[in-house]
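First comes the structure, then the notes that go with it.
The values are calculated or read from the model by the stated rules, or taken from the named source; none is laboratory data. Since this is a predicted model, take the numbers as computed values, not measurements. Here Cβ is always computed from backbone atoms with ideal geometry, including for glycine, and neighbour counts include all displayed protein chains. We work out accessible area using only protein heavy atoms, side chains counted, and drop any ligands, DNA or RNA first. Shrake-Rupley method; radii C 1.70, N 1.55, O 1.52, S 1.80 Å.
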Amino acid sequence: MRQVRLGAGILNQTPLDWEGNCSRIERAIEQARSMEVGVLCLPELCITGYGCEDMFLSPSVWKTAWQILQRLVPQTTGMIVAVGLPLYITNGVYNSACVVADGRIAGFVPKQHLAGDGLHYEPRWFRAWPEEVVSEYSCETGSWPIGDLLFEVSGIRFGFEICEDAWVAGRPGNRMAECGVDVILNPSASHFAFGKHDVRRRFVLEGSRSFGVSYVYANLVGNEAGRAIYDGGALIASSGDLIATGPRFEFKDVDVVAADVDIDLTRTRRSSVHSMSTDVSETIHKRIATIPGEIHRPDSQIRSANSEVSTVRTDEFTQALALALFDYLRKSRSEGFVVSMSGGADSSATACLVRCMVERGLHGLGSVEFRNSLDHIDGIDDCSTAEEWMARLFTGIYQATRNSSEVTLGAARAVTQAIGGVWHELDVDPIVESYTSVVEQAIGRELTWDTDDVTLQNIQARTRAPSVWMFANLKHALLLSTSNRSEAAVGYATMDGDTAGGLSPIAGIDKAFLRHWLRIMETDGASGCAPVAALSLVNEQQPTAELRPPSSHQTDESDLMPYPLLDEIECLAIRDKLSPTEVLAKLMLRPGNLSRAELVVYIRRFFQLWCRNQWKRERYAPSFHVDDKNLDPRTWCRFPILSGGFRRELELLEAEH
């Protein structure tokens, strides 16, 4: 038996945080050494951070990353470590993994397939390395092999698939398997999206089975750069069996998952797969970099780590946003959160997510470490319970006008107090009247609901912004906007009113899902977070902006359309890129009680509002990416601010109707 202990690192890095990133890599190496790991794979671009954006094109970034690498190299005594950094070669920058063995650089493997879809823009910064090409990287301190390399130590051969390399049809693992690779390392920076972990798990398992290898998948964790959330979830598989899994969404900055693999056993299984091609040509030897010495062999068997991983959508949502809020709070060095509480679903969900952040943080880190992670905040020395933390970190403010109701006031107060936040209630109606009066005097007439409906609605929402910003400034806190994705799709929000804020955490989530999550939070809680019974006061309401007089009985769905239908049209029109007539044809096939004529009205309304409100989506505060139906134009869904507005397509819709 030829046993090797493999390790996968999970790191919470920050772009361009040189000292912090280096320290976390050092801690991962030390943790792996204490576990007697022989080969450690760390996440993609972990020296710089993955989200450096256009700074990847800066020479100072390449040079500093190289300097940090030199600090790390001596710390790899007795082990092999794969660490990621950008390298400038000839006329381009390459996303590379550096193999460091026993205190020396052995070579570099650049990424072959660049992620350029969705929120990824890798082709903007990096060049793709051609397959089966090997060259030399030289600088003032030496030269090393670089390219589509395989590494061999103690007769054991290993290679790389770097993140996207494993997601493509012609993945490098196919060629490596033909060359007799025993271990494939996958350093990744793979962002969270609903259901994505199951996909990763499948390609790791299938890669290990079909290639007849042991497979190590490492990943980032946390809110690295502001929008993308990384969920960790390291995986180690061998010959189709999952032998170790790491935790997801953990609040710890550093973790290592390790497992022992039997190289002789995987070779036996690989040799029995007669359909596998074998490359016995001399050319493969040009791609093999030999590492002198031996891989450390542990004295005893390790018990593989297998974490319980929930892929229930509501649990993933709770865990992802709780961690994202925590990282955003500490990395932005804000001292808490402020939310304009309306008594409705969106602000209540945002408030409850802050409570989930505190509960999960205390559970995952413990009171002392949680406090140490937020040591930039004044007045936290005595905070230990969730209630004490919420009183320091969360402020909820209800700002009433004459159109506000006792129902929403009661709901806003009850939810804020139930989660332990500080509560304030303001009457902004005199301010609304002051603005209205000034404008009426200027134009020489009275503003009425018959002639100035939108104007009178919007001034109420906008009047609330200055005071809630004042509270954020007073508390050195981050103002959270509460817009959701369904509203963003059709612009059902007042710019500089309810969109005001520095972060919009739920802007990537549709209204129907939020209401479902709130019902679960009311009765059962989610992912270890306690239920909030006060949410019953929110869940029994119909969503309403509450900006028209009470006699109008305003609701969101009467202004727009049923939210589930809005979300369905959005998916068909924006995610699937269907025309209005194609959307109608799809909707006509599904069961429902809406007539063709009603669907035409709603489809026309959606497309018109979508086109009319792209400028709003361009101005929304940054949001968290949680699924692959995101509407954020800066990371996922680009659309022109000015367009033809689907006029021809909507004319065809009307004509066919």
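Tabulated data for the structure shown
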{"quantity": "Test: residue in segment 300-308 that is surrounded by 15 or more Cβ atoms within 10 Å (Cβ to Cβ) and either farther than 30 Å from Asn174 by Cα or aromatic (Phe, Trp, Tyr) (or both)", "calculated": "no"}
{"quantity": "All positions within segment 422-465 that are of a type in the set (Lys, Arg) and more than 30 Å from Arg355 (Cβ to Cβ)", "calculated": "Arg445"}
{"quantity": "So Val415, is it among the aliphatic types (A, V, I, L, M), closer than 28 Å to Ser536 by Cβ and without any contact (Cβ under 8 Å) to a residue 60 or more places away in the chain", "calculated": "no"}
{"quantity": "Residue in segment 556-578 that is surrounded by 15 or more Cβ atoms within 10 Å (Cβ to Cβ), without any contact (Cβ under 8 Å) to a residue 40 or more places away in the chain and of a type in the set (S, T, N, Q) present", "calculated": "no"}
{"quantity": "Tally, over segment 122-147, of residues that are in contact with an Asp or Glu (Cβ under 9 Å, 6 or more places away or on another chain), in contact (Cβ under 8 Å) with a residue 24 or more places away in the chain and not hydrophobic (A, V, I, L, M, F, W, C)", "calculated": "6"}
{"quantity": "Test: residue in segment 393-414 that is part of a helix (DSSP H, G or I), closer than 30 Å to Asn12 by Cα, touching a helix residue (DSSP H, G or I) at 6+ places or on another chain (Cβ under 9 Å) and at pLDDT 95 or above", "calculated": "yes"}
{"quantity": "Which listed residue is in contact (Cβ under 8 Å) with a residue 12 or more places away in the chain and open to solvent by 10 Å² or more (accessible area, probe 1.4 Å), from Leu205, Leu220, Leu150", "calculated": "Leu205"}
{"quantity": "Top-ranked residue of segment 531-541 - restricted to ones that are open to solvent by 50 Å² or more (accessible area, probe 1.4 Å) and in a loop (DSSP other than H, G, I, E, B), ranked as farthest from Ala386 (Cα to Cα)", "calculated": "Glu540"}
{"quantity": "Exclusive hit being at negative phi, at pLDDT below 95 and not acidic (Asp, Glu), set Asn613, Asn630", "calculated": "Asn630"}
{"quantity": "Filter result for the condition that a residue is in contact (Cβ under 8 Å) with a residue 12 or more places away in the chain, open to solvent by less than 40 Å² (accessible area, probe 1.4 Å), of a type in the set (A, V, I, L, M, F, W, C) and out of contact with any helix residue (DSSP H, G or I) (no Cβ under 8 Å at 6 or more places or on another chain), over Val73, Val100", "calculated": "Val73"}
{"quantity": "Within segment 213-246, tally of residues that are under 25 Å from Gly159 (Cβ atoms) and in a loop (DSSP other than H, G, I, E, B)", "calculated": "6"}
{"quantity": "Test result for Ser467, modelled with pLDDT of 95 or more, of a type in the set (S, T, N, Q) and in contact with a Gly (Cβ under 8 Å, 6 or more places away or on another chain)", "calculated": "no"}
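Okay, residues lined up against (1) open to solvent by less than 10 Å² (accessible area, probe 1.4 Å); (2) touching a Lys or Arg at 6+ places or on another chain (Cβ under 7 Å); (3) at positive phi; (4) of a type in the set (Ser, Thr, Tyr):
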{"site": "Val368", "(1), (2), (3), (4)": "no, no, no, no"}
{"site": "Gly379", "(1), (2), (3), (4)": "no, yes, yes, no"}
{"site": "Ser384", "(1), (2), (3), (4)": "no, no, no, yes"}
{"site": "Met390", "(1), (2), (3), (4)": "yes, yes, no, no"}
{"site": "Thr408", "(1), (2), (3), (4)": "yes, no, no, yes"}
{"site": "Arg413", "(1), (2), (3), (4)": "no, no, no, no"}
{"site": "His424", "(1), (2), (3), (4)": "no, no, no, no"}
